[in-house]
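Student: Below: one structure in structure tokens.
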Amino acid sequence: MAHPSESCRPVPSRPRDLGRLEPDRRLRFAPGATLARWWRELTLLGGLGVLWSEFGWVAPVAALGAVALSFLSRPARERVAGEVLALVVLHRVRVGCVWAGLENRSGNLPLLVNARPCGEAVVVTAFCRLGTRPEDFAAASEVIAEACGALKVIVARDSPRRERMLIVAVRPRWGWPGR
């Protein structure tokens, strides 16, 4: 027989019903999380700033000109376009995680560590925080694909560790004009 106090508690049928048992969370600004998410962009901007402060306006213009000249060669153009695509898809996967509600009980999103282009796909390495599982990502793969504009999203294990996984966005449209 159940304890009398247990009959008074609401029993959640799904994880979404747990929201009514918890107090409302306040979103907090976390400078460390912002730096961790935007370190590539901040490094590029800081590098251009250092060049400008040391050598004046000529050095950043020369650096950007060198990047522009590298677009004349097809392998360099594909490499730069792939890296830009991977950077955009990394942010869009994070947006898909927000849309799908893939956060732990503390309100933290999964750690998206790296993104790399791989042919017509982008592979994002992610760590699940305590309270999220790779199965949650597999269930939300359609939402993440919609956020990325990808044909489909495949969630796979990266290692024997349960919290590490790969999110493969197949043919994302971001960065590919006309697709």
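Student: From the phi angles alone, apply the Karplus equation (6.51, -1.76, 1.60; θ = phi - 60°) to the range 134-150 and give each ³J(HN,Hα) in whole Hz, x where the residue is Gly or Pro.
Tutor: Whole-Hz 3J(HN,Hα) from phi for the range 134-150: x, 5, 5, 5, 5, 5, 9, 5, 5, 5, 5, 5, 5, 5, 7, x, 8.
Student: For Arg79 and Leu109, what does the FRET efficiency come to when R0 = 25 Å and r is the distance between their Cβ atoms, rounded to the nearest 0.05?
Tutor: Efficiency, from the Cβ-Cβ distance: 0.30.
Student: May I have the convex hull volume per residue, in Å³, for the Cα set of the range 95-179?
Tutor: About 83 Å³ per residue, rounded to a whole number.
Student: Another question about this same structure. Over the Cα atoms of the range 24-179, what radius of gyration and what Dmax do you get, in Å?
Tutor: 17.8, 54
Student: Now for a different question. Tell me, what is the FRET efficiency for Leu69 and Leu35 to the nearest 0.05, using R0 = 35 angstrom and their Cβ-Cβ distance as r?
Tutor: Here the calculated transfer efficiency is 0.65.
Student: Report the FRET efficiency, 1/(1 + (r/R0)^6), for Ala139 and Arg116, where r is their Cβ-Cβ distance and R0 is 22 Å, rounded to 0.05.
Tutor: After rounding to 0.05, the efficiency reads 0.35.
Student: Just flag the chymotrypsin sites (Phe, Trp or Tyr not before Pro) in the range 63-155 sitting in loop per DSSP whose Cβ has no more than 14 other Cβ atoms within 10 Å.
Tutor: Hits after loop and neighbour filter: Phe71.
Student: Can you send over the carbon and sulfur percentage of the accessible area for the range 45-179, probe radius 1.4 Å, protein chains only?
Tutor: Carbon and sulfur: 62 percent of the exposed surface of the range 45-179.
Student: Taking the solvent-accessible surface of protein heavy atoms with a 1.4 Å probe, what is the per residue accessible area of the range 84-176 in Å²?
Tutor: That works out to 50 Å² for each residue.
The values are calculated or read from the model by the stated rules, or taken from the named source; none is laboratory data. Remember, it's a predicted structure, so these values are computed and weren't measured experimentally. Backbone-built Cβ (ideal geometry, glycine too); neighbour counts: all protein chains shown. SASA here: full protein model, heavy atoms, side chains in, ligands and nucleic acids out. Shrake-Rupley method; radii C 1.70, N 1.55, O 1.52, S 1.80 Å.
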